[in-house]
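Working notes, beginning with the structure itself.
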Amino acid sequence: MIQYIHNSELNKEKWDACIRSSQEPSIFFFFWYMDAVCVNWGALVLNDYEAVFPFAFNKKFNIHYIYQPYFTRYFGIYSKELVSTGLIEQFLGSIPSFFKYVKICLNASKNHFFEGYSTEERKYQALDLNYPFEELKRNFSENTKRNVKKAVKANLRVEWNIAPLRIVELFRTTKGEELNTFGEEDYIRLNRLMIDCLENKSGETIAVYDEKELCAAAFFMYSDKRFVYLKSGVTDQGRGKGAMHLLINDFIQKHSQKENILDFGGSSVESVARFYKSFGAGDCVCLQLEKNNLFKLIKCIKSFKF
């Protein structure tokens, strides 16, 4: 039997055990991580935590909806057994009817048809690190190799273990303001998430300095042989000197020839994807699902957004 359970009533130990023993474990869905990124969340649970399906939800104009929160890429069904299309359909069909709008990504790589849902493939990039660094480096683009050399020639230096808040502030003053997407609470949540990752031994920080000036920094999450590139920032000066190229080069070098994947968190935006691919990464696919059971009048109001 599949039942809906609010996160306050979930069994944390059974939950994490299910995620950890699943076919595709992910840091995104450990209990502490969900608590860090979601204001409200719940899950569909099969029997005694044989399989689980977490999701974030909220309410607007007294309408309950399910959404994909910042700092996660996808949701999905997690189980010790291989998850079939049929099981996904059962879970989707078990979402309580009071959720009138659903827009999430699934950890499914094929464009299946799910009744009542529109689907769209979303891309991200990943790199297998289980090779000697020199072999990985051969797959770098010529432009990336030139930028790494430029950074070395400019005497930029790499340091590890920078404070998370400095990364958040650098991201906020560079890329964050340009995106104009995150609010004050989102930046507070991002900093708290980084701290939680470090406390759970699931995070790593790296920075690049031009003399004493911070010019690039990034935070990587780690779980189950997978690094996930969470957030970064780079100044205009650092960009001109190849600071981000040096940062990722050194990260790959440190973790090369180990049984890990570097998940760039990636993008379907071609310019961003091209940057990650310049380090030899390849495309991966997850599936975005959308279902709209709102009243017709609300559907027609273009300004009504979740």
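The values are calculated or read from the model by the stated rules, or taken from the named source; none is laboratory data. Bear in mind the structure is a predicted one, so any value in this text is a computation, not a measurement. No Cβ is skipped: glycine too gets one built from the backbone with ideal geometry, and neighbour counts run over all protein chains shown. Keep in mind that these areas ignore ligands, DNA and RNA; they rest on the heavy atoms of the full protein, side chains included. Shrake-Rupley method; radii C 1.70, N 1.55, O 1.52, S 1.80 Å.
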**Item:** Contacts under 7 angstrom Cβ, first residue in segment 237-251 being surrounded by 21 or more Cβ atoms within 10 Å (Cβ to Cβ), partner assigned to a helix (DSSP H, G or I) and among the basic types (K, R), 6 or more apart
**Value:** K241/K150; G242/K150
**Prompt:** Which one is nearest to L156 (Cα to Cα) among residues in segment 236-283 that are in a helix (DSSP H, G or I) and of a type in the set (V, I, T)?
**Reply:** I248
**Request:** Go through segment 140-188 and give me each residue that's modelled with pLDDT of 95 or more, of a type in the set (S, T, N, Q) and touching a Phe, Trp or Tyr at 6+ places or on another chain (Cβ under 9 Å).
**Result:** S141, T144
**Request:** Only one of these is open to solvent by 50 Å² or more (accessible area, probe 1.4 Å) and of a type in the set (A, V, I, L, M): V152, V148, V83. Name it.
**Result:** V152
**Prompt:** Limited to segment 66-86, what total is found for residues that are among the small types (G, A, S) and either in contact with a Ser or Thr (Cβ under 7 Å, 6 or more places away or on another chain) or closer than 21 Å to F182 by Cβ (or both)?
**Reply:** 1
**Fill in**
Of those in segment 259-306 that are touching a strand residue (DSSP E or B) at 6+ places or on another chain (Cβ under 7 Å), open to solvent by 60 Å² or more (accessible area, probe 1.4 Å) and within 22 Å of F227 (Cβ to Cβ), the residue modelled with the highest pLDDT is K277
**Item:** Of all residues making up segment 67-126, the number that are within 25 Å of V39 (Cβ to Cβ) and either in a loop (DSSP other than H, G, I, E, B) or among the hydroxyl-bearing types (S, T, Y) (or both)
**Value:** 20
